[in-house]
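For reference, the structure discussed in these notes is given below.
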Amino acid sequence: MRVIMLGTGGSAGVPMIGGADGSGDWGVCDPAEPRNRRSRASILIESEAGQRLLVDTSPDMRNQLLANRVPAFDAILFTHSHADHITGLDDVRSVNRVAGRPLPAFAAPETLRDLIHRFSYAFKPWDPPGFYRPVLVPQPVSPGDTFEAAGLTLRVFRQDHGYSETLGVRAGGFAYSTDAVALNDEAFAVLEGVDTWVVGCFLRRGPHKTHAHLDLVLEWAERVRARRVVLTHMGTDMDWAWLRAHLPPGVQPGYDGMVLEIAGG
């Protein structure tokens, strides 16, 4: 199994819109380091048989798929319904055309309700033969569920996102936890024995109401004891070179286009 980190930035990406000359606000991130340029967070999990699961349809999905030469995928898992995780949904119609069929969309019931409210046209029954709009088939899942998607056995778990909840997901030796500020014992039980854990880490300094900061993620990493922990959903105070120099062994910053080969997948 392998994982492509399509996007590793927070909701505004890096750089954020702005900057003195309009070329972007990089915060403390070095603009000369290409791994500091981060699109909105998303990953693609590829099974041993070559089937692909997309996790979240970020606003940058089209460019992410093209940059990583991903022609299509077989299913989508939505972690939650915040805009930076769903608003690329309309471009799924291009993937429908390549696949030649509707695609299953897995999400918690409340996330599916939000998606159907905001993108009602995408969840209407398919009227063959063409795809002038995305066509998704809702597949509700709840924390603790184990199910099959895109040739993978997936287990989802609850994550505290401050004012809301998100889904974390485990597939074999890999787990993904973005947009979380707290994890309960049930989540840590699912993460037990994982080989590679990709986890959101929005800030380097100090706590945040809805996202984990670096010290908290390092506490989690000590508890999970994965062979490899990779940071994602990073903001503008998370400079790649600084992180490489200061993170403990086994913990590293991710970057857009990073490919992870997963043991125990």
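Things to note:
Yes/no matrix, rows are residues, columns are (1) surrounded by fewer than 17 Cβ atoms within 10 Å (Cβ to Cβ); (2) at pLDDT 95 or above; (3) in a helix (DSSP H, G or I):
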site: ARG62; (1), (2), (3): yes, yes, yes
site: THR79; (1), (2), (3): no, yes, no
site: VAL92; (1), (2), (3): no, yes, yes
site: VAL98; (1), (2), (3): yes, yes, yes
site: GLN139; (1), (2), (3): yes, yes, no
site: GLY144; (1), (2), (3): yes, yes, no
site: ARG158; (1), (2), (3): no, yes, no
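- Matching residues, the stretch 170-186, being at negative phi and of a type in the set (D, E, K, R): ARG170, ASP185, GLU186
- Contact annotation: residue pairs with Cβ atoms under 8 Å, 6 or more positions apart or on different chains, pairing a residue in the stretch 2-30 that is among the aromatic types (Phe, Trp, Tyr) with a partner that is surrounded by fewer than 19 Cβ atoms within 10 Å (Cβ to Cβ) and part of a loop (DSSP other than H, G, I, E, B), are TRP26/GLY19.
- Residue within the stretch 227-237 that is closer than 25 Å to ILE76 by Cα, touching a Ser or Thr at 6+ places or on another chain (Cβ under 8 Å) and not in a strand (DSSP E or B) present: yes
- Any hit, the stretch 252-263, residues being assigned to a loop (DSSP other than H, G, I, E, B), surrounded by 19 or more Cβ atoms within 10 Å (Cβ to Cβ), modelled with pLDDT of 95 or more and not aromatic (Phe, Trp, Tyr): yes
- Residue check, ALA241 under 21 Å from THR79 (Cβ atoms) and among the small types (Gly, Ala, Ser): no
- Filter result for the condition that a residue is without any contact (Cβ under 8 Å) to a residue 40 or more places away in the chain and aromatic (Phe, Trp, Tyr), over PHE119, PHE73: PHE119
- Check on PHE131, in a strand (DSSP E or B) and surrounded by 16 or more Cβ atoms within 10 Å (Cβ to Cβ): no
- Residues that are within 22 Å of LYS209 (Cα to Cα), in contact (Cβ under 8 Å) with a residue 24 or more places away in the chain and part of a strand (DSSP E or B), drawn from the stretch 170-181: TYR176
- Residue within the stretch 31-49 that is surrounded by fewer than 21 Cβ atoms within 10 Å (Cβ to Cβ), at positive phi and either in a loop (DSSP other than H, G, I, E, B) or free of Cβ contacts under 8 Å to residues at least 40 places away in the same chain (or both) present: no
The values are calculated or read from the model by the stated rules, or taken from the named source; none is laboratory data. This is a predicted model, so every value here is computed, not measured. Cβ: placed from backbone, ideal geometry, glycine included. Neighbour counts: every protein chain shown.
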